[in-house]
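The values are calculated or read from the model by the stated rules, or taken from the named source; none is laboratory data. Quick caveat: nothing in here was measured; it's all calculated off a predicted structure. In this analysis, Cβ positions are derived from the backbone assuming ideal geometry, glycine residues included, and neighbour counts consider all displayed protein chains. Each accessible area value is taken on the protein alone, full model and side chains, heavy atoms only, with ligands, DNA and RNA left out. Shrake-Rupley method; radii C 1.70, N 1.55, O 1.52, S 1.80 Å.
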Amino acid sequence: MTKTVTQAVEELVRATVHLSDDDMGREWKWREYDEEGLRFALLMTHHELRELAVRLAARRSGQPTQAERILAQYHQTYRDLTGVLAGVRTEDLDRAPAEGEWPLRETLKHMLGAEHGFLAVSRYALVNHRAGKHEEPPEEEWPEFRKPYAAPKDATDGTIEDIRNSFFEIHRRVLRELADVTDAELEQPAWFWDADKPIRFRMHRFEEHLRQHTIQLDKTLAVTRPPTEAHRLVRNIYNALADVESASEPAEDLRTPVAATLSERAAAIVG
């Protein structure tokens, strides 16, 4: 079975993210480059993903919609969060950086709840506008509409793997359910606790809220599990992956060789 670029990146991350700073100096060669050590395997991966993204963009036949651009920005932020969480272990989740401050689990619970809430607000506005209802709906309609969009109560109760999966599921749902928003719909109001704001504002809030609290995660981890060189390099890789994933062109002639290279690289490092 042919692997996707995303699958190959995940293999490489699993093979490297928990390596020590000393491990980064292990011998590793790429053509004429033989002085940087194992870190160059991750640096080169970032290089290859950036190049692939440029080649994919050159293949695009039309311009993305504004909603697609907004969602691509949001996806970039999600992948940065993925990079932050890649080095986290389950035992890190409940370590508070200081008395009275949130541990990772509490911050992640807040972030995940906001993802679900923002999607509900955006969809509520779209459903009403598409039904020809352009005034604020009756207050009693909101709780019933909100139910299918509520985050599962145990979404952040388990392991770090469970929490990563919870973020993946809501992120995928956001991308799917908001992909068809038109430019005109972006200017329609969406009602929430802060009165009405354009759907455009609501969609950009996905990114900004994630970025705000990813900084909070960074600050917590700086105390409880400071990032290693490998972790920092993996975070760069996830950021580069975002543009590849947001490209709509299949372009298997470009994607497949990169996926194969990264998968082979991961296997060689493990070996």
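For a test of the definition: using alpha carbon positions, the gyration tensor, and the 1.5 limit on a/c, classify region 183-271 as rounded, prolate or oblate. Oblate is the answer for region 183-271, as a/c is 1.5 or above yet b/c matches or exceeds a/b. When the chain is treated as a Gaussian network with alpha carbon springs shorter than 10 Å, the biggest mean-square fluctuation among ARG232, ARG130, ARG164 belongs to ARG130. Excluding ligands, DNA and RNA, the accessible surface per residue across the chain is 53 Å² with a 1.4 Å probe.
Computing percent of Cα pairs over 36 Å apart directly from the structure and comparing it against (1) 22; (2) 19; (3) 29 singles out (1).
In the chain, the longest principal axis of the Cα atoms and the axis of helix 160-177 are about 50 degrees apart. Assuming charge only on the beta carbon of Lys and Arg (+1) and of Asp and Glu (-1), the dipole of the chain about its Cα centre is about 380 debye to the nearest 20.
Based on the Kirkwood approach, the hydrodynamic radius assigned to region 1-145 is 20.0 Å, with every pair of different Cα atoms included. TRP102 exposes around 100 Å² of accessible area when a 1.4 Å probe is run over every protein chain in place.
In degrees from 0 to 90, rounded to the nearest 10, what is the angle of the helix 229-246 Cα long axis to the longest principal axis of the chain? Relative to the chain, helix 229-246 is tipped by roughly 50 degrees. Helix 5-16 and the longest principal axis of the C-alpha atoms of the chain enclose an angle of approximately 60°. Of the whole protein surface, LYS109 contributes about 110 Å² of accessible area at a 1.4 Å probe radius. Would you please classify the overall shape of region 124-193 from the alpha carbon gyration tensor, given that a ≥ b ≥ c denote the square roots of the eigenvalues, rounded means a/c under 1.5, and beyond that prolate means a/b larger than b/c while oblate covers the rest? In terms of gyration-tensor shape, oblate.
Simple point charges give the picture: +1 on the Cβ of Lys and Arg, -1 on the Cβ of Asp and Glu, and for region 1-49 a dipole about the Cα centre of about 260 debye.
When the alpha carbon coordinates of region 123-271 are projected onto the principal axes, the ranges are 61, 43, 23 Å, largest first. Debye-formula intensities of region 50-134, expressed as log10 I(q)/I(0) at q = 0.14 Å⁻¹, are -0.79 (one equal scatterer per alpha-carbon, no solvent).
Note on LYS219: lysines with a C-alpha under 17 Å away, same-chain residues under 8 apart excluded, are LYS109.
In terms of accessible area, using a 1.4 Å probe and ignoring ligands and nucleic acids, LEU119, LEU175 rank largest first as LEU175, LEU119. Centre-to-centre separation between the Cα atoms of region 48-123 and those of region 180-232: 8 Å. Here the Kirkwood formula puts the hydrodynamic radius of region 148-228 at 15.2 Å, using every distinct Cα pair. Every helix of 4 or more DSSP H residues in the chain counts as -39500 (n - 2.57), and over all residues that averages to -21000 deg cm²/dmol at 222 nm. In summary, the lysines within cross-link reach of LYS133, defined as a Cα separation below 19 angstrom excluding same-chain residues under 8 places away, comprise LYS197.
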